[in-house]
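These notes are about the structure you will find just below.
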Amino acid sequence: MKSPKYLIARALFVVASFVSVTSASAQFTFNSLDFPGSTLTSGRGINNHGEIVGAYRLEPPRHAYLFKAGHFAPLASSTVLGTNFSEAFKSNDRGAVVGFYQDDIGNPHGFLLRKGVLTTLDFPTASNTGAWGINESGTAVGSWSIVDSDGNLLAAHGYIWKDGTFSQIDFPGAAATYLYGINARRYHRRVGF
């Protein structure tokens, strides 16, 4: 049988542990993210400067935005990002943003917005391309797919894009590979079905 001193010390340890866990959760502050007048606002990514990217909807379709220093700004509103469906997913600390938009007939295309220049990221031979992550050097990652005439998915692959060049990434034996993030040294992948 354990001594009374041991049991008291153990009980104090448990109480102290509980107090430290509950006080740690009290350190978070939650704020609502609402594009003015929108019926929907989504936040997809945040960089180390606290800048948030995502999409807002005043009326359909959604459009990509940047939230910086307490203010919302539509991204490249005079381009396809402001006229068609678009959504930003990640930004790096240098202000480059990646995401996807739909063209006039609804086909998804990845995009990179850097220093005011919009670049479409379409993997060669792809039916659909999306850009889901970017690192500080401007290397983007995402996924591309091939669909049949009925819209059924035939294949899905990951990619890395750097300076205009695509490299396909497939997890060995997987039917689908999606890359959602990249750091300075390597990419992160999620493999589906």
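The values are calculated or read from the model by the stated rules, or taken from the named source; none is laboratory data. Since the model is a prediction, treat every value here as computed from it, not as a measurement. Cβ atoms come from the backbone with ideal geometry, glycine included; neighbour counts cover every protein chain shown.
Scanning region 69-82 for residues that are in contact with a strand residue (DSSP E or B) (Cβ under 8 Å, 6 or more places away or on another chain) and either over 20 Å from THR119 (Cβ atoms) or basic (Lys, Arg) (or both) gives a single hit, PHE72. Of all the residues in region 124-153, those that are out of contact with any Lys or Arg (no Cβ under 6 Å at 6 or more places or on another chain) and crowded, with 23+ Cβ neighbours inside 10 Å number 10. Of note, ILE52 does not satisfy the criterion of being free of Cβ contacts under 8 Å to residues at least 12 places away in the same chain and either of a type outside the set (S, T, N, Q) or closer than 24 Å to PHE166 by Cα (or both). Within region 114-127, being of a type outside the set (Ser, Thr, Tyr) and free of Cβ contacts under 8 Å to residues at least 40 places away in the same chain holds for ARG114, LYS115, VAL117, ASP122, ALA126.
Scanning region 114-133 for residues that are of a type in the set (A, V, I, L, M, F, W, C) and over 14 Å from the mean Cα position of the chain (by Cα) yields VAL117, LEU118, LEU121, PHE123, ALA126. Does GLY110 count as under 18 Å from the mean Cα position of the chain (by Cα) and surrounded by 17 or more Cβ atoms within 10 Å (Cβ to Cβ)? For GLY110, the condition - under 18 Å from the mean Cα position of the chain (by Cα) and surrounded by 17 or more Cβ atoms within 10 Å (Cβ to Cβ) - is met.
Restricting LEU58, LEU118 to residues that are out of contact with any helix residue (DSSP H, G or I) (no Cβ under 6 Å at 6 or more places or on another chain) and at pLDDT below 95 narrows the list to LEU58.
Let's see how each residue does on (1) more than 16 Å from GLY158 (Cα to Cα); (2) at pLDDT 95 or above:
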site: THR83; (1), (2): yes, no
site: ASP93; (1), (2): yes, yes
site: PHE100; (1), (2): no, yes
site: ASN107; (1), (2): yes, no
site: GLY110; (1), (2): no, yes
site: GLY133; (1), (2): no, yes
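Put simply, of SER42, SER32 the only residue that is over 18 Å from the mean Cα position of the chain (by Cα) and surrounded by fewer than 19 Cβ atoms within 10 Å (Cβ to Cβ) is SER32.
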